[in-house]
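Report on the following structure.
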Amino acid sequence: TDLHPLDILSEVVPAGGMARGMRVFQVQGVHGFQLAASQPHTLSFPASRLFIHCDRFPEEFSIIVTLRVLSVPTKRNEYVFTVMAEESTNVLVGLRYAPNKLHFLFWSQERTSGWQTRVTFPDVSLSDSQWHTLVLAVSGQSFSLTVDCSIPKDVVLETPFPASLSVKRASFYLGNRRRRKGMFTGLLRQLVLLPGADATSRICTTMNFKVATLSIPTVLQDLPSKPASNEVLRYPYETDMKVTLGSQPPCTKQEKAQFWFNASRRSLYLCNSSAWISMLEVKQRLDYVEEYQNLVTNSETMGVEVFTIPKVGLFAATANRYTSPGSAIYKWADGKFVPYQNIPTYQAQSWKYFTIGKKIFLAVANFEQNDRGQEFSVIYKWSRRKEKFITYQRITTHSARDWEAFVIEGEAFLAVVNHREGNNHNIDSVIYRWNPRTGLFETNQTIPTSGAYDWEFFTIGPYSFLAVANTFNGTSTKIYSHIYIWLSGSFQLFQSILTFGAADWEVFHIGDRVFLAVANSHSYDSRMPAPSNFYAINSSIYELNITAQMFVKFQDLLTFSALDWEFFSVGDDSFLVVANSFDGFTFSVNSIIYRWQGYEGFVAAHHLPTVGCRDWETFHSPEGSYLFYSSAKEPLSKVLKLKTT
């Protein structure tokens, strides 16, 4: 074998064509084979084609698979590949998956009295209709599985992989075990055997881990997107297509894989069973911003959360300052936000919308005590019967500023920022973990914070991060804010960045580049002479340097008591809008939209008059794209419409 990659998939594909029972599909911009052979033996080849000089399966090796799995029924197994001898029904080597599990099979006559050994990797979620790349490394008693270049899952067995497994008169079977039961129903893009090496380091060299390749068949590498006028397509593309014209049709399971052409926007959309996904459209460009709706709120608004409840509609929750009548939820109706529900809150600072399975939640961060002197923040649950949010769980907090919801390795978490307890700003903020058995959030980890304002969760490849914006330690706003990384079941310090009254972190991607912007609100130090202006201060944008494995400063932008950043895109253009709240003299300050201009970084493009601007949200509706800003100094927030060309 000379330790070169052995492309199993290519062996099934004849030169210049494809085997009977194979079709090429493109999903999410990636091509793969669908196996539909009525006779499994048509998707097989003799093992001697790979093992030319030796009829023994390698003792140490890696198997690399790139696949897209459809939903697999409970208790059903599907085979990715098998190696079987002609005269036997036993699987010599094989790989199969079941819901949330992956099984590696091998036969060891001398060590297990002729029984098949199964290595099971639990908690492997593949049935999500997404592309995934798996690397299975085998060496003796050690078996390691890496999914999408995440942290490997390791299994050690008493029974080692055989040192001398004969494959004489055996064949490879693609997507089956020589019978129709258990045939592979998804899409297969890559199936490679790499003898003598762990292929992880060779695969995990790109940001697009899910479709990383070592070797794929030529037919999948360079598919022509359009034939010449006198040329027939070389490969059997899927040609059944239904395109609907006119106004937006419904998108349900019945319309899945159907297309809709929007003539007014000259755009083509594909139904994924729940929403229309843009496939081809004329790219829009932001021209200017116009005032669209003045929203009179219950009182000054500290934050706003815009969200969509499937099959119900678009909503906005405002975190309002005063207890009576509390905070409000608005519903988008006829192109405007209209009052929908009032909820009692106590100097609410922010809302967070999130889901766990089919459950829909909305958490409020309360800054003050309730009428009974109790200090709680509250999680509300959407009642489908009442079509309202109802109280679900109260959690003790201390001048809470923000909630952040996120999922790591299939588990749901909720993190609260505790700002201060009495006059003490140096207290713990708390991360809660969802307990599926009790249906409640329970304390999982505490992290020391200093007058913290904001959590920001984000992922880079297989790694999860949580950044905290520390604002004030009791004497100074010139303090370190921290970025934590999830390792071994908890968040651990990754990097510290000096900030000045940090009020918000915003992570965003432009191409393959990852950025992190901090909103610095003011510079104050009781031990130092007062500056000429506490509030005119640079806010900074940092970029991830993969080589150094840290965020490094990319750009400084002059801001005026900045409290929030919001990233958004229009067509191919990227933007950042900052919430400037106070310039040292007045709360009537322009907030600015910055446009990404490559080498120049972010450049001011639009100046928006705002009053005590506290929070920005961007959202989309059938009528267009919008920015929503909340004012912390007057009971009036505004919806602005993005006008495009």
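The values are calculated or read from the model by the stated rules, or taken from the named source; none is laboratory data. Keep in mind it's a predicted model, so treat the numbers as computed, not measured. So basically every Cβ, Gly included, is an ideal-geometry build from the backbone, and we count neighbours across all protein chains shown. Protein only, heavy atoms only, side chains kept; ligands, DNA and RNA dropped before computing areas. Shrake-Rupley method; radii C 1.70, N 1.55, O 1.52, S 1.80 Å.
Taking a ≥ b ≥ c as the square roots of the Cα gyration tensor eigenvalues, with a/c under 1.5 meaning rounded and otherwise prolate when a/b beats b/c, else oblate, which class fits segment 523-640?
Oblate, since a/c reaches 1.5 and b/c is not below a/b.
Just check segment 6-220 against the gyration tensor rule for me: Cα atoms, a ≥ b ≥ c as the square roots of the eigenvalues, rounded for a/c under 1.5, and otherwise prolate or oblate depending on whether a/b exceeds b/c.
Working: a/c = 1.37, a/b = 1.14, b/c = 1.20.
The shape class here is rounded.
Using amide H atoms built in the peptide plane, which far-off residues or other-chain residues are under 5 Å from residue 375 H to H?
Those qualifying (amide H under 5 Å, at least 5 residues apart or on another chain) are 370.
If the only charges are +1 at each Lys and Arg Cβ and -1 at each Asp and Glu Cβ, what is the size of the charge dipole of segment 6-220 around the Cα centre, to the nearest 20 debye?
780
Tell me which residues come under 5 Å, amide H to amide H, from residue 484 once H is placed; ignore anything under 5 positions away on its chain.
For residue 484, the qualifying residues are 466, 467, 468, 494.
Once phi is turned into ³J(HN,Hα) by the Karplus curve 6.51 cos²θ - 1.76 cosθ + 1.60 with θ = phi - 60°, what whole-Hz value does each residue of segment 589-604 show in order, with x for glycine and proline?
10, 6, 8, 10, 9, 9, 9, 6, 10, x, 4, 6, x, 8, 10, 4
Say the cut-off is 25 Å between C-alpha atoms; which of 283/641; 311/633; 256/311; 283/331; 358/386 go over it? If you can, show how the numbers build up before the last one.
Details: 283/641 17 Å; 311/633 35 Å; 256/311 16 Å; 283/331 29 Å; 358/386 16 Å.
Pairs exceeding the cut-off: 311/633; 283/331.
Taking a 1.4 Å probe, which of 218, 449 shows the most accessible area, and what order do the others take after it?
218, 449
Enumerate the calculated ³J(HN,Hα) couplings along segment 304-312 in order (Karplus 6.51 cos²θ - 1.76 cosθ + 1.60, θ = phi - 60°), each rounded to whole Hz, writing x wherever the residue is Gly or Pro.
Working through the residues one at a time gives 9, 10, 9, 8, 10, 9, x, 6, 10 Hz.
Between rounded, prolate and oblate, where does segment 344-475 land on the alpha carbon gyration tensor, with a ≥ b ≥ c its root eigenvalues, rounded for a/c under 1.5, else prolate if a/b exceeds b/c?
Taking the square roots of the gyration eigenvalues as a ≥ b ≥ c, segment 344-475 is oblate.
Quick check for you: with a 1.4 Å probe and neighbouring chains kept, what is the accessible area per residue of the chain, in Å²?
Per residue, the chain has an accessible area of 47 Å².
Take the alpha carbon atoms of segment 519-566, find their center, do the same for segment 288-353, and report the distance between the two centers in whole angstrom.
Between the Cα centre of segment 519-566 and that of segment 288-353, the gap is 29 Å.
With θ set to phi - 60° and the Karplus curve 6.51 cos²θ - 1.76 cosθ + 1.60, what are the ³J(HN,Hα) couplings of segment 572-587 in order, to the nearest whole Hz, using x for Gly and Pro?
Result, ordered by residue: 8, 9, 10, 9, 10, 10, 10, 8, 7, 10, 6, 9, x, 10, 8, 8 Hz.
Between segment 112-151 and segment 577-621, what is the C-alpha centre distance in whole Å?
Each part's Cα centre sits 49 Å from the other's.
Give the aspartates and glutamates whose C-alpha is closer than 17 Å to that of residue 388, dropping any in the same chain fewer than 8 places away, or say none.
Hits, sequence-local ones excluded: 305.
Given H placed 1.01 Å from N in the peptide plane, which residues other than close sequence neighbours of residue 582 have an amide H under 5 Å from its amide H?
The list, which skips near neighbours in sequence, is 561.
If each residue of separation counts as 0.36 nm, what is the full-extension length gain between residue 272 and residue 77 once their alpha-carbon separation is subtracted?
Here the answer is 67.7 nm.
Report the Stokes-Einstein translational diffusion coefficient (µm² s⁻¹, integer) for segment 417-513, Rh taken as the Kirkwood radius over Cα pairs, at 20 °C with viscosity 1.002 mPa s. It would help to have the intermediate numbers written out before the result.
On the way: Rh = 14.4 Å.
Result for D is 149 µm²/s.
Considering only 248, 430, 92, whose Cα is most displaced toward the positive end of the charge dipole of the chain, charges sitting on Cβ of Lys, Arg (+1) and Asp, Glu (-1)?
92
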